[in-house]
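Have a look at the structure below before the remarks.
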Amino acid sequence: MRTFVGITMFLLIGLLTALGFGFSWQFNNGPLVNDDEQIGLGQQTIIRFSYVVAENTPKGLAAQKFAQLVKEKTYDTIKVELFPNGTLYNEPDEVGALQKGSIQMIAPSFSNISEVVPEWMVMDLPFVFQNEEDVDKAFQGKIGTILLRKLEPKGIVGLGIWANGFQQMTSNRGILAHPEDFRDLKFRILPSKVIESQFRQLHAKTVPIPFNQVYRSMESDQVDAGENTISNIYSKKLYQVQKYLTISNHAYLGYGVLMNKVFWDKLTAEQQKTINEAMQEATIWANQNAIALNSKQWNELQKIGQMNVHILSKEERDEWQQALEPVYEEAQSYIGKELMDAVNELRHEYTRNHMGLN
């Protein structure tokens, strides 16, 4: 009996001690904070930012710049956690994950956004942009404004548009200089009706493959060729599995920087304002850096010397443009008149400015 009483007293004393310690800790350290996937210690707001490319690419470096600016501007009360290389979500899954709220922020390519908002395929049209000035006009002007506005009904907030660079053609079967050189080649593409139409006009076959599987698909001869920026060719070492490179500048690769709307709406007005300011600064930096990085990596590719390089002549470029003009007629049905008119206005403006037309 004494043993039972002794054990009971021991347990009661231990319980009271634990309760007293817990009360003392809470009194001295403030109330306990419930933790969820957005809130951390000290009420720090967490934004998880997932993307599929490496840290040393234009998008990866832009994401790092944005995270740094948010940290500085919010005095570390908002933390942007970066998840590169598709460690959380790959291309086919990231937009859906954002809409569900499984991730707070992503930066998919235009083509991947078009899976949810088809109008974004306007950015995949060949030969829309003749130079970086055209790109900037589209991103910052009417085209960019329309595209970002169309995201909200899908539960997405468009924060900005980031550049990567002009796309080039690569192949393991020979130089691509004329439209007939594409016939029967199998190309890796991003999912987009516009891109499919482009290669259909060139009598080539297409296979949509996520970016992180591109090297393997080329190495294993699952595909013969692809279109990528210099930055992506360099960072993914595609020069090891593609012998031929055509500098074509036929299309442009960029990204919409997107946030889950439910998460965005829970932020305070001040937090939203600060994030927008950080995004504006990061976007200016990112789009300038993309140009510089592609130039630097182009020089590196030439030093490596593993690819046979062909630069399109004006006559060859004209051949390509003529062959791909039907893509515009086909695209009208799923891109819509408003955006097609904006694109044609941009193209005509370039023609007027560079051919002395009024």
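The values are calculated or read from the model by the stated rules, or taken from the named source; none is laboratory data. All values derive from a computational prediction rather than experimental measurement. Every residue, glycine among them, receives a Cβ derived from its backbone with ideal geometry; neighbour counts consider all protein chains shown. When the accessible area is computed, the model is the full protein with side chains, heavy atoms only, and any ligands, DNA or RNA have been set aside. Shrake-Rupley method; radii C 1.70, N 1.55, O 1.52, S 1.80 Å.
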- Item | Any chance residue 119 is at pLDDT below 95, over 18 Å from residue 324 (Cβ atoms) and of a type in the set (Asp, Glu) | no
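To keep it simple, each residue is scored yes or no on (1) hydrophobic (A, V, I, L, M, F, W, C); (2) touching a Ser or Thr at 6+ places or on another chain (Cβ under 6 Å); (3) under 26 Å from residue 145 (Cα atoms); (4) in contact (Cβ under 8 Å) with a residue 24 or more places away in the chain.
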residue: 226; (1), (2), (3), (4): no, yes, no, yes
residue: 265; (1), (2), (3), (4): no, no, yes, no
residue: 271; (1), (2), (3), (4): no, no, yes, yes
residue: 309; (1), (2), (3), (4): yes, no, no, yes
residue: 313; (1), (2), (3), (4): no, no, no, no
residue: 333; (1), (2), (3), (4): no, no, yes, no
- free of Cβ contacts under 8 Å to residues at least 60 places away in the same chain and either in contact with a His (Cβ under 9 Å, 6 or more places away or on another chain) or within 23 Å of residue 278 (Cβ to Cβ) (or both), is that true of residue 139? no
- Any chance segment 270-291 includes a residue that's open to solvent by less than 50 Å² (accessible area, probe 1.4 Å), among the small types (Gly, Ala, Ser) and in contact with a strand residue (DSSP E or B) (Cβ under 6 Å, 6 or more places away or on another chain)? yes
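Can you work out which of the residues in segment 52-106 that are part of a loop (DSSP other than H, G, I, E, B) and among the charged types (D, E, K, R) is most open to solvent (accessible area, probe 1.4 Å)? So that I can check it myself, show each step before the final result.
As a first pass, look at segment 52-106 and keep what is part of a loop (DSSP other than H, G, I, E, B): 52-57, 74-77, 84-90, 101-104.
After this cut, where a residue has to be among the charged types (D, E, K, R) as well, the list is 55, 76.
Values: 55: 89, 76: 65 Å².
Checking each candidate, the answer is 55.
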- Item | Among the candidates 142, 100, 154, residue that is among the basic types (Lys, Arg), over 17 Å from the mean Cα position of the chain (by Cα) and more than 22 Å from residue 50 (Cβ to Cβ) | 142
- Query: Does segment 156-167 contain any residue that is part of a helix (DSSP H, G or I) and not hydrophobic (A, V, I, L, M, F, W, C)?
  - Reply: no
- By residue number, the members of segment 144-156 that are open to solvent by 10 Å² or more (accessible area, probe 1.4 Å) and among the aliphatic types (A, V, I, L, M) are 148
- Could you figure out which of (1) within 14 Å of residue 185 (Cβ to Cβ); (2) open to solvent by 60 Å² or more (accessible area, probe 1.4 Å); (3) touching a helix residue (DSSP H, G or I) at 6+ places or on another chain (Cβ under 9 Å) isn't true of residue 243? (3)
- What about residue 335, is it touching an Asp or Glu at 6+ places or on another chain (Cβ under 7 Å) and surrounded by 13 or more Cβ atoms within 10 Å (Cβ to Cβ)? yes
